[in-house]
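Worksheet: one structure, shown below.
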Amino acid sequence: MNWTWFHKWGSPKWFFQKTESLIYWFGFLALIFLVVGLVWGLAFAPEDFKQGNSFRIFYIHVPSAILAQSIFLAMAISAAVGLIWRMKLAHVFVETAAPIGASITLLALLTGAIWGKPTWGTWWVWDARLTSTLIQFFLYLGIISLHQSIENRDTASKATAIACLVGVVNLPIIKFSVNWWNTLHQPATFTLTESPAMATEMWVPGLIMVLGFYMLFAYLVTLRMRSEILEREKGSAWVKAYLEKLNVL
Amino acid sequence: MVEEVSSVPLLEAKGICCERGDKQLFDSFDLSLKAGEILQLAGPNGSGKTTLLRSICGIFDARIDSLVWRGIPVTDPLQYADELLYLGHRPAIRHHLTLYENLSWYSCLSRCSDSAQLDQVIAEVGLQGYEDELASSLSAGQKRRIALARLRLVDCNLWVLDEPFASLDVEGVKMLCGWIQSFVQSGGSVAYSTHQPVEFSGCDSRILNIDSSRTLNRGGARQ
Amino acid sequence: MIGRVFHYEFLQAYRRRSELVTPVVFFVLVCSMFPLALGSVADLLAPLASGVIWVAALLATLLSLDQMFRQDFDDGILEQMELSEVPFYQLVAIKILAHWCLTGLPLVVLSPLLAMMLFMPSESYLSLIVGLFLGTPILSLIGAIGAALTVKIRRGNVVLSLLIMPLYVPVLIFGATAPVMAAQGIMPAAQLLWLAAMLVLAATLAPLAASLGLRINIYGS
């Protein structure tokens, strides 16, 4: 098997040059998907027969909840790659994705609370999904604060990577225990997002929104990674050349 | 420790790259040590003496292209750790254990416990009578002597000493110099850093000046 | 040999017991604040007792974690351990065990006393003690990872708590619900078995993760 592609991705310079045009595609696709999904979901999708219009926050809540989990998983995979192959770019991904992940998780929590108000009558219910999302939010915060409080950059990267891996090993156990705890304390509440057999007109805009959220994440994380690379490699010749070119233009 | 008459260096590290913070300290730097050689690292503060010593011990995050011990590439870090003894500038003393317990603990770690030997070593470093004192109540120089006692406890082939003369009195410096000389004469090698001028007569010793070595890649030999 | 290493590890921790007793005192103190805040009615406190004791045990463990590696890291003991011929993760595991013996075990021993003060029903005692006996080592083991990662941060305690507390959620859930179930006359086997399973998992993986975390900090200094 040819591994050169893999090593190329480890080079910050190569990554920076390759994403130069790719980032515009991410941004463009994110914009299209989000606009189409939002307009379709909010204006044209049919009303839910039980919840009325309040269900429409589904189009933001569910994509953000899905994305928040995916980011955690992606961070953990990237952390493992960074530790095993000593790939600095993988660490850069972990560090730049963490604040985005935390924000998206917070978005999921807030939209969950907004959805909860008309459905349950309160802003917050210790529903299994909301609770484990809350704990996941705390995990993100812990990882971010760990990264920010270690001064040595290499040490910080690796420590963060280990924390991510420990977190990802624990996340299924946490989710399981929270689910179990939930059935123990409050039997049979109405759970968000578990409406059986959703109509096609209802879930297609949702799917588009999910794609839009993923593209938005790809755009944001590439943007952040690129600026982090510039910061880290500021002494190198190619960054100087790049900046000079920018000034000329 | 058998005298070896061979041209193969005891330790050969090629392509050492390490950075501290944003500063590149060494970039593909080569270091080799013959058996029976004393290598003194010199250079101003912050030049990377400690970093280099830690790198060859394997306790610094350095990239080393090839690390060869007696002609054989190092693959097992535990076995390599067995060959060398590192004394950092932190003396690694457990303050809440007594002097005797400290040494006994250390000999547990290096799997060579012999209580008769412990008493003898304590006498050798001039700390008899302090065996049951807590390490925290001893002076800095005495703590340094406890750390040095390890050199007599463990059998190995390479001593890596970071500022071993710090806070030692004249007697202590003389004692350590004597140890280094007899260790080298029996085939061991020593790499150490110091700011004090120390002379070893009749030994194969050289000074590696780290600040200039980055361009020269080799220090001037003295003998 | 391992036994003697443990002996010295324990001895050192024991001689610093004033630092280690503080979390235990804190545990008792937190538990006795609840009746003052909530009122001393037995019917009110009894259902809360196991939750209060578990949260207090969790906080007390968090308080004690900072002491686990910091001193030895600063003194250069850990780098000598890393260079020694005994595998590093084994030495770290011994350290965690010694730490638990002096900080976790006292919590287990004291828990019946606090349970009594909080009017816990007598059927719950056994599951509380067994749960704490299985659960506090998990708290120490997971906490060791956090302590290892934050060993170089000067005021690492806050970061440590933030990092570790979410990971304590399963232990807290299973540990605190076991006595509640026992009070209802149901055998809390599921919870206790889950705690035991998590203990096995933590005992296998946590020393490795903690030693990796310490190694990163040693290599970076």
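The values are calculated or read from the model by the stated rules, or taken from the named source; none is laboratory data. Treat the numbers as computed from the prediction; the structure is a model and nothing was measured. Don't worry about glycine lacking a Cβ; one is built from the backbone with ideal geometry, like all the others, and counts go over all protein chains shown.
Quick notes on this structure:
- Residues satisfying the stated conditions in the stretch B:149-187, i.e. touching a Gly at 6+ places or on another chain (Cβ under 8 Å), in a helix (DSSP H, G or I), in contact (Cβ under 8 Å) with a residue 60 or more places away in the chain and of a type in the set (A, V, I, L, M): B:Val184
- Note on the stretch B:1-117: enclosed helices (runs of 4 or more DSSP H) holding 3 or more residues that are over 25 Å from B:Cys177 (Cβ atoms) and under 19 Å from the mean Cα position of the chain (by Cα) are B:77-83.
- The test for being within 9 Å of chain C (Cβ to nearest Cβ) and over 24 Å from C:Ala209 (Cβ atoms) holds for A:Trp181.
- Conditions (1) surrounded by fewer than 23 Cβ atoms within 10 Å (Cβ to Cβ); (2) over 19 Å from C:Cys31 (Cβ atoms); (3) modelled with pLDDT of 95 or more; number of the one not met by C:Ile129: (2)
- Number of the exception - A:Cys164 against (1) at the interface with another protein chain (Cβ under 10 Å from one of its Cβ atoms); (2) within 22 Å of C:Lys152 (Cα to Cα); (3) surrounded by 18 or more Cβ atoms within 10 Å (Cβ to Cβ): (1)
- If the condition is being under 29 Å from C:Val180 (Cβ atoms) and buried (at least 24 other Cβ atoms within 10 Å of the Cβ), then the stretch C:203-221 contributes only C:Ala206.
- Of A:Ile114, A:Ile104, all but one fail to be farther than 19 Å from A:Leu223 by Cα and away from every other protein chain (no Cβ under 14 Å); the exception is A:Ile114.
- When C:Ala196 is tested against the conditions (1) surrounded by 24 or more Cβ atoms within 10 Å (Cβ to Cβ); (2) under 15 Å from the mean Cα position of the chain (by Cα), the lone failure is (1).
- Residues within the stretch C:148-158 that are within 30 Å of A:Phe176 (Cα to Cα) and either more than 9 Å from chain A (Cβ to nearest Cβ) or among the β-branched types (Val, Ile, Thr) (or both), tallied: 3
- Test: A:Leu146 is farther than 15 Å from A:Lys175 by Cβ, facing chain C (nearest Cβ under 9 Å) and either of a type in the set (Lys, Arg) or not in a loop (DSSP other than H, G, I, E, B) (or both): yes
- Residue count for the stretch A:219-242, restricted to those that are acidic (Asp, Glu) and in contact with a helix residue (DSSP H, G or I) (Cβ under 7 Å, 6 or more places away or on another chain): 2
- Some residue of the stretch C:175-185 being within 11 Å of chain A (Cβ to nearest Cβ), outside any helix (DSSP H, G or I), among the aliphatic types (A, V, I, L, M) and under 20 Å from C:Leu63 (Cβ atoms): no
- Of all the criteria given as (1) part of a loop (DSSP other than H, G, I, E, B); (2) within 11 Å of chain A (Cβ to nearest Cβ), the one not satisfied by C:Leu167 is (1).
- Odd one out for C:Val21 among (1) of a type in the set (A, V, I, L, M, F, W, C); (2) assigned to a helix (DSSP H, G or I); (3) at pLDDT below 90; (4) crowded, with 17+ Cβ neighbours inside 10 Å: (4)
- Considering residues of the stretch B:60-78 that are among the hydrophobic types (A, V, I, L, M, F, W, C) and away from chain C (no Cβ under 13 Å) only, the residue surrounded by the fewest Cβ atoms within 10 Å (Cβ to Cβ): B:Ile72
- Search result, residues across the stretch C:48-72 that are touching a Gly at 6+ places or on another chain (Cβ under 6 Å) and either within 14 Å of chain B (Cβ to nearest Cβ) or of a type in the set (A, V, I, L, M) (or both): C:Leu65
- Exactly one residue among B:Ala135, B:Ala81, B:Ala147, B:Ala92 is within 13 Å of chain C (Cβ to nearest Cβ), small (Gly, Ala, Ser) and touching a Pro at 6+ places or on another chain (Cβ under 8 Å), and that residue is B:Ala147.
Conditions tested, residue by residue: (1) within 13 Å of chain B (Cβ to nearest Cβ); (2) over 22 Å from C:Ser18 (Cβ atoms); (3) in contact with a His (Cβ under 6 Å, 6 or more places away or on another chain).
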{"site": "C:Asp74", "(1), (2), (3)": "yes, no, no"}
{"site": "C:Val86", "(1), (2), (3)": "yes, yes, no"}
{"site": "C:Phe119", "(1), (2), (3)": "no, yes, no"}
{"site": "C:Phe133", "(1), (2), (3)": "no, yes, no"}
{"site": "C:Pro137", "(1), (2), (3)": "no, yes, no"}
{"site": "C:Gly146", "(1), (2), (3)": "no, yes, no"}
{"site": "C:Leu160", "(1), (2), (3)": "no, no, no"}
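- Residues satisfying the criterion are absent from the stretch C:88-96 (criterion: within 12 Å of another protein chain (Cβ to nearest Cβ) and part of a loop (DSSP other than H, G, I, E, B)).
- If the condition is being exposed (fewer than 14 other Cβ atoms within 10 Å of the Cβ) and either at positive phi or of a type in the set (Val, Ile, Thr) (or both), then the stretch A:33-49 contributes A:Val35, A:Val39.
- Filter result for A:Ile135 (within 13 Å of another protein chain (Cβ to nearest Cβ), assigned to a helix (DSSP H, G or I), farther than 26 Å from A:Tyr59 by Cβ and out of contact with any strand residue (DSSP E or B) (no Cβ under 7 Å at 6 or more places or on another chain)): no
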